[in-house]
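Reviewing the structure listed below.
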Amino acid sequence: MKKYSELSKDELLTLQKDLNEQYKDACSKGLKLNMARGLPSKEQLNMEADFFNTLNPQSDFMSEAGIDCRNYGELIGITEARKLMADMMEVSPDEIIVFGNSSLNIMYDTVARSMLHGVCGSTPWCKLDKIKFLCPVPGYDRHFAITEQFGIEMINIPLNEDGPDMDMVEEYVNNDPAVKGIWCVPKYSNPSGVTYSDETVKRFASLKPAASDFRIYWDNAYTIHHLYNGKEDQLLEILDECKKAGNPDMVFKFCSTSKVTFPGSGIAALATSANNIDFVKKIITIQTIGHDKLNQLRHVRYFKDFEGMKNHMKKHAEIIRPKFDLVVGTLNKELGELGVGTWTNPNGGYFVSFDAMNGCAKNIVSMCKEAGVVMTGAGATYPYKKDPNDSNIRIAPTFPCIEDLAKALEIFVLCVKLASVNKLLEG
């Protein structure tokens, strides 16, 4: 089959007419399908029904340290929960604070603390004229929403196959004291599925920030979210690399069990240096007496240890792997020879990143919605929702059942074809 760009105007017009007829037929079916966010499916949630039997009124509610988890106390989390999250995050339990149910909440509060109180004795950001964050793109929309809400200037950094453009990162971080942070999803990145290379991690660890309060916001959300046995991406542990490079305080590392157990009902943790932990503890001791220790205890007793957690995630992979295979297989079959887009084929995580022809993403997403398929808004993967090429679309295949996903993908590829033909005819 010819690439669309190689078709004559008459061939494009004929194709446009046929695609329009297919699209009208699709719109008439009254579909209501959702690929907007990376939610676990009902099948995944049902798999964990026995989680609720972990604690009952007859349970022993005492932690290993003799703390009654039904009562106040343990600001930084019970010992066994810190051990479990430390194993998940590849750090020491001494480098862990277990918070509540959301790593996003921890990230928001970490920025808010910096605004109000500074970072380990630095000037509070709210008293400075200009604050900047680096944002690898395409990236996670909720990261960008946090910094936008606080009025922090965001700077796009291209995300390559081995991680962010480190030449740009070093230029900004090492020379501009207004640059206070960078958002990172270093493993199975949202949405591209990229995992940072060893060289990239080492270059991060060796940064020489112009600002003493610069921190890397390392959101390792998908650290154990592999799809394929034997094809697991490997990521160097950033805290250890920073210690080796003489920058032990430079990283805030975030993680949670939100897509391991239940979104909104998991446990989340911050991993960082002793200096950073001491500073954070001084602030949060006023904010809270402690987080939900019963939920921490429930998670520890359910998984027993990190091996239990990893085995549990293999069951998740069995459910969602066929969906990723369906997405990539459909795109390859329907669009592979047309020259109208490129897409990722990740080894883990929750998303497939699709890049349409420049100027087509908004039209594709809009047409999908009209035909009954809701997707993440075009531009959402860029700061201020402004994709300079209007090309990137995040595909989130985990939530729909496989039958609904197939229907949604049929609509999606139809809209890609039609939007691409329309764009070529405009040119």
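The values are calculated or read from the model by the stated rules, or taken from the named source; none is laboratory data. No experiment lies behind these values; they were computed from the predicted model shown. Every residue, glycine as well, gets a Cβ built from its backbone with ideal geometry; the counts of neighbours run over all protein chains shown. Accessible surface is based on the protein model in full, side chains and every heavy atom, while ligands, DNA and RNA are left aside. Shrake-Rupley method; radii C 1.70, N 1.55, O 1.52, S 1.80 Å.
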Item to check | All positions within segment 287-342 that are in contact with a Gly (Cβ under 7 Å, 6 or more places away or on another chain) and in a helix (DSSP H, G or I) | outcome: Gln296, Leu335
Checklist entry - Where residues in segment 111-120 are surrounded by fewer than 22 Cβ atoms within 10 Å (Cβ to Cβ) and in contact (Cβ under 8 Å) with a residue 60 or more places away in the chain, which of them is nearest to the chain's Cα centre (by Cα)? => result Arg113
Checklist entry - Is there a residue being small (Gly, Ala, Ser), more than 30 Å from His117 (Cβ to Cβ) and part of a loop (DSSP other than H, G, I, E, B) anywhere in segment 219-232? => result yes
Next on the checklist: So, Tyr188, is that one at pLDDT 95 or above, assigned to a loop (DSSP other than H, G, I, E, B), under 30 Å from Thr398 (Cβ atoms) and touching a His at 6+ places or on another chain (Cβ under 9 Å) or not?
Outcome noted: yes
Next on the checklist: Can you tell me which residue is farthest from Ala210 (Cα to Cα) among those in segment 160-177 that are surrounded by 17 or more Cβ atoms within 10 Å (Cβ to Cβ) and in contact with an Asp or Glu (Cβ under 9 Å, 6 or more places away or on another chain)?
Outcome noted: Gly163
Checklist entry - Restricting segment 51-82 to residues that are in contact (Cβ under 8 Å) with a residue 24 or more places away in the chain and under 17 Å from Asp305 (Cβ atoms), which is surrounded by the fewest Cβ atoms within 10 Å (Cβ to Cβ)? => result Thr54
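Return yes when Leu39 is of a type outside the set (Phe, Trp, Tyr), at pLDDT below 95 and out of contact with any Asp or Glu (no Cβ under 9 Å at 6 or more places or on another chain) and no when it is not.
So Leu39 passes the test.
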Checklist outcome for this item: The lone condition Ser206 fails out of (1) among the polar types (S, T, N, Q); (2) over 21 Å from the mean Cα position of the chain (by Cα); (3) under 24 Å from Ile395 (Cα atoms) is (3)
Next on the checklist: Is it the case, given these coordinates, that Ile76 is out of contact with any helix residue (DSSP H, G or I) (no Cβ under 6 Å at 6 or more places or on another chain), closer than 21 Å to Glu237 by Cβ and in a loop (DSSP other than H, G, I, E, B)?
Outcome noted: yes
Checklist entry - Does segment 385-399 hold any residues that are surrounded by fewer than 19 Cβ atoms within 10 Å (Cβ to Cβ) and not in a loop (DSSP other than H, G, I, E, B), and which are they? => result Lys385
Item to check | Top-ranked residue of segment 138-159 - restricted to ones that are assigned to a helix (DSSP H, G or I), under 21 Å from Pro124 (Cα atoms) and not polar (S, T, N, Q), ranked as most open to solvent (accessible area, probe 1.4 Å) | outcome: Glu148
Checklist outcome for this item: Picking from Ser256, Ser265, the residue that is touching a helix residue (DSSP H, G or I) at 6+ places or on another chain (Cβ under 9 Å), open to solvent by 40 Å² or more (accessible area, probe 1.4 Å) and more than 22 Å from Val173 (Cβ to Cβ) would be Ser265
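Kindly indicate which of Asp94, Asp87 is within 22 Å of Gln287 (Cα to Cα), open to solvent by 40 Å² or more (accessible area, probe 1.4 Å) and assigned to a helix (DSSP H, G or I).
Going through Asp94, Asp87 in turn, the sole match is Asp94.
Would you point out the residue of segment 382-427, among those that are basic (Lys, Arg) and more than 22 Å from Leu15 (Cα to Cα), that is nearest to the chain's Cα centre (by Cα)?
So in segment 382-427, the residues basic (Lys, Arg) come out as 385-386, 394, 407, 417, 423.
So of that shortlist, the ones also more than 22 Å from Leu15 (Cα to Cα) come out as 385-386, 394.
Numbers: Lys385: 16, Lys386: 19, Arg394: 11 Å.
Only one residue tops the list, namely Arg394.
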Checklist entry - Is it the case that segment 372-384 has a residue that's farther than 30 Å from Glu318 by Cα, open to solvent by less than 10 Å² (accessible area, probe 1.4 Å) and not β-branched (Val, Ile, Thr)? => result yes
Item to check | Only one of Gln16, Gln58 that is at pLDDT below 95, more than 18 Å from Pro263 (Cβ to Cβ) and over 34 Å from the mean Cα position of the chain (by Cα) | outcome: Gln58
Next on the checklist: Cβ-Cβ distance below 7 Å, separation of 6 or more or different chains: which pairs start in segment 124-148 with a residue that is of a type outside the set (A, V, I, L, M, F, W, C) and end on one that is open to solvent by 40 Å² or more (accessible area, probe 1.4 Å)?
Outcome noted: Pro124/Leu116; Pro124/His117; Lys130/Glu153; Lys132/Glu153; Arg142/Leu104; Glu148/Tyr384
